[in-house]
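Here the structure is laid out as structure tokens; the discussion comes afterwards.
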Amino acid sequence: MQNPTIHKVEFSGNARSYFGIWIVNILLSIVTLGIYSAWAKVRTRRYMYQHTAIDGRRFDYHATGMQIFIGRLIVVAGFIVFSIVSAIPIIGLVAIFGLLFLAPWLINRGMLFNARVTSWSGLRFGFDGSYWRAFRVYILYPFLSLFTLYLAIPFAIRAQHSYSVNSHRFGTAKFHFESSVKPFYVAFLLAIGWMALAGLLMFLVLGGGEIFAEIAMAERTGRAPDDALMLRMGIFYVLLILAVLPAGFIYQAFLRNAVYGATSLAGGHEFRSDVKPMQLVWIGVSNAVAIICSLGMLLPWAHIRMMRYLSDHTFILANGSLDDFTGQQEESVGAIGDAYADLEGFDVGLPV
Amino acid sequence: MSGFPSDPGTPVPGHAYGPGSSRRIAASLRVADDQATLFGPQGERLVVGHARRRDRIGAGPSLIDIDDGWRFETDAHEMIDTLLGHEQKAGLMEYERFHPRLVLVVLACFAGVFLIWRFGLGVLVAIGIALTPAPFVSAIDRGNIAAIDRVFAQPSRLDADRRAEVRAIFDDLAQAAPEPPYGDYQLHFRHIPRLGANAFALPGGNIVMTDAFVRQFGDDDIIAAVLGHEMAHVTEKHSLQQLYRSLSIYLLIALIAGDVGPVAEDILLEGGALMSLAYSREHESEADAIGIRVAARAGYDPAALAVFFRRLDGMTGGGDGPQWYSTHPASRDRAAEIRRQIEELGLSAD
């Protein structure tokens, strides 16, 4: 690529205008016992996408609240039936196995739906998934890494990103992902290392060993541990969680930089992310503290702050004009997969 | 938008995107007689058709769909209002504007969360229970007993005579207790070393009693009072209520709060679980109250339940830990409450 044009991702959302959207969404969701949340999701997404642009060209989100609502209705009904059925012996086992084989299909449907309802510069994204490849990367590989005591999990994570990126299109232009496994190990080991170190330090500083010994002693003598001991253990756990928290952000930062750096789009366009792990830790932890101290009212501010930081550190290295992408007619798909992703808590939205 | 100088004939500047292309075209939109025309940078005609406005969000662009997959976007919102009419603007946008009025919305949200917690969940739980067919509950019981037997229970080692005696008490209680909702009361004896002296009820009417319980609390009245307590859990559908309550909390948090971020979501879920413990304690107290009435009706001394808790209290060394993180109320408090109720009702068998 000679002389690429570098475009930074521009995010123009702000906490003031987002706050109104967020709080009205919550009120309407409460009044409708959660039904409106499908429309709320669409409104939030549209706000975020329409305020994100590259080279002055905006993203947009085209799903309708009704699509999301119907998808959720089906998934919630399935979830309830599954919860009840899984309490029955043999049928429960069959149900769990069934879900294992259903999951790749649902994940594919979720990514397909999200790609097709997302546009940039007036053109929609697309997704060409494969059931068995999804089964391999989301079910089989993580299962196999169990036998390596999770030491091989970075291989599985790389396979998942490779599958996801390689299956996506922008119009007819395919995305491509090519990376060694090294950055995935770096992210994994640094996060594990932080957890081990922070955990050990907390254990030594707060006398975790002593607490556990006393509890074990209390158990052996058959007497319930007294209040003071329980309180000390509670404080120990809270501090331990706080100390371990940064590991997640460190992992996320390294992984994001690695995935963006390894992604390209047909036509010779490349992507970069230069998120700083410690800055992400600072934003993530201070956001969490602000949200808790404000009883959730600073959540929109926290969300916007994170979006702004991430977009400030995301770049597209365009090889020539961004005018020449073309698309094809795409059929619309149901939102079951998207609803499943919502419930499972993984996000397949805009990767900013 | 009176006072704005433009007449409907003035073209609105913006950008257009054609069907199936990422090309960004500097364009202008003109509307006359319900017919929208999109002009390119050299004044060439790009498309003629009907214009449909999408609702605006925040400081986002005004977006207009025109026939054949053309789209026009502009930040000249007032000109578009003049052109296409103010009424096509988003209904919600006005309410979402940053304005002191939002304080009321915030307060309404807090009130709403409180009301859902206090009443809404109860309604959801009641609906769930009403919709649960009896065979499902029986299947849950069978599944649980099979799982208990597989994982940690062994056949009872009590001799047959002793079991028959306890069973006779059980039959007296079953006669006196309210009708079980999902199937007959059934008593199972098991040797479960890990649970110690214990008895528990499954939602479908199956009650499991450990050998250690019969050995340590051999007194007929105590066995009767504890069985009455467990039967009350069955008739009041306490375990189903707790199952549906936790399911509903999970769903409501996922739906209403939606994207609260990873850390905050965990805190919400943990908080919900902690608050559910309060309901569990409420259920225990309710089962105590019903249990002593059933025991008295069957001809046993209801005060034995208080004796039982007094002895339990002595065995655990009096340290139940603070109440707020326990699923059961403190034994001492329960014994006192039971005595108070017996006196109040004049239930005593002697």
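Select from region B:140-168 the residues that are within 14 Å of chain A (Cβ to nearest Cβ) and either of a type in the set (A, V, I, L, M) or in contact with a strand residue (DSSP E or B) (Cβ under 7 Å, 6 or more places away or on another chain) (or both) and write down the one among them that is surrounded by the most Cβ atoms within 10 Å (Cβ to Cβ). Break it down into steps so the answer makes sense when it comes.
Step one: filter region B:140-168 for residues within 14 Å of chain A (Cβ to nearest Cβ), giving B:140-151.
Those still in the list that are either of a type in the set (A, V, I, L, M) or in contact with a strand residue (DSSP E or B) (Cβ under 7 Å, 6 or more places away or on another chain) (or both) too: B:140-141, B:145-148, B:151.
On the way: B:140: 22, B:141: 20, B:145: 19, B:146: 13, B:147: 14, B:148: 17, B:151: 9.
Out of the qualifying residues, it is B:140.
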Quiz item: Does residue B:244 qualify as being closer than 30 Å to residue A:80 by Cα, touching a residue at least 60 places away in the same chain (Cβ under 8 Å) and open to solvent by less than 50 Å² (accessible area, probe 1.4 Å)?
Solution: yes
Quiz item: What number of residues in region B:78-107 are surrounded by 15 or more Cβ atoms within 10 Å (Cβ to Cβ) and more than 10 Å from every other protein chain (Cβ to nearest Cβ)?
Solution: 8
Quiz item: Does residue A:148 fit the bill of being within 30 Å of residue A:50 (Cα to Cα), among the β-branched types (Val, Ile, Thr) and modelled with pLDDT under 95?
Solution: no
Self-check item: Subset of region B:14-39 (residues that are more than 20 Å from residue A:60 (Cβ to Cβ) and among the aliphatic types (A, V, I, L, M))
Solution: B:31, B:32
Practice problem: Give the number of residues within region A:246-274 that are open to solvent by 40 Å² or more (accessible area, probe 1.4 Å) and farther than 18 Å from residue A:182 by Cα. | Solution: 4
Quiz item: Here are A:322, A:229, A:265: which of them is farther than 30 Å from residue A:79 by Cβ and free of Cβ contacts under 8 Å to residues at least 40 places away in the same chain?
Solution: A:229
Quiz item: Going through region B:123-139 one residue at a time, which ones are assigned to a helix (DSSP H, G or I), more than 8 Å from chain A (Cβ to nearest Cβ), open to solvent by 30 Å² or more (accessible area, probe 1.4 Å) and closer than 18 Å to residue B:204 by Cβ?
Solution: B:130, B:131, B:134, B:135, B:138
Quiz item: Of these, B:43, B:58, B:120, which one is part of a helix (DSSP H, G or I) and outside the structural domain of residue B:237 (by TED's automatic domain parsing)?
Solution: B:120
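Anything in region A:1-23 that is out of contact with any Phe, Trp or Tyr (no Cβ under 8 Å at 6 or more places or on another chain), of a type outside the set (A, V, I, L, M) and part of a helix (DSSP H, G or I)? List them, or say none. Working first, answer last.
Within region A:1-23, the first condition is being out of contact with any Phe, Trp or Tyr (no Cβ under 8 Å at 6 or more places or on another chain), and the residues that meet it are A:1-5, A:10-12, A:14, A:22-23.
Now narrow it down to the ones that are of a type outside the set (A, V, I, L, M): A:2-5, A:10-12, A:14, A:22.
Hit for region A:1-23 is A:22, nothing else.
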Self-check item: Selection within region B:11-49 - more than 13 Å from every other protein chain (Cβ to nearest Cβ) and of a type in the set (Lys, Arg)
Solution: B:30, B:45
Quiz item: What residue, among those in region A:19-38 that are within 27 Å of residue B:72 (Cα to Cα) and facing chain B (nearest Cβ under 7 Å), is surrounded by the most Cβ atoms within 10 Å (Cβ to Cβ)?
Solution: A:21
Practice problem: Give me a count of the residues in region A:39-82 that are assigned to a helix (DSSP H, G or I), facing chain B (nearest Cβ under 10 Å) and open to solvent by less than 40 Å² (accessible area, probe 1.4 Å). | Solution: 13
Quiz item: Where in region B:149-267 are there helices (runs of 4 or more DSSP H), lying fully within it, with 2 or more residues that are modelled with pLDDT under 90 and under 30 Å from residue B:110 (Cβ atoms)?
Solution: B:238-252
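The values are calculated or read from the model by the stated rules, or taken from the named source; none is laboratory data. Note that this is a predicted model, so its numbers are computed, not measured. Backbone-built Cβ (ideal geometry, glycine too); neighbour counts: all protein chains shown. Surface accessibility is based on the protein's heavy atoms, side chains included, excluding ligands, DNA and RNA. Shrake-Rupley method; radii C 1.70, N 1.55, O 1.52, S 1.80 Å.
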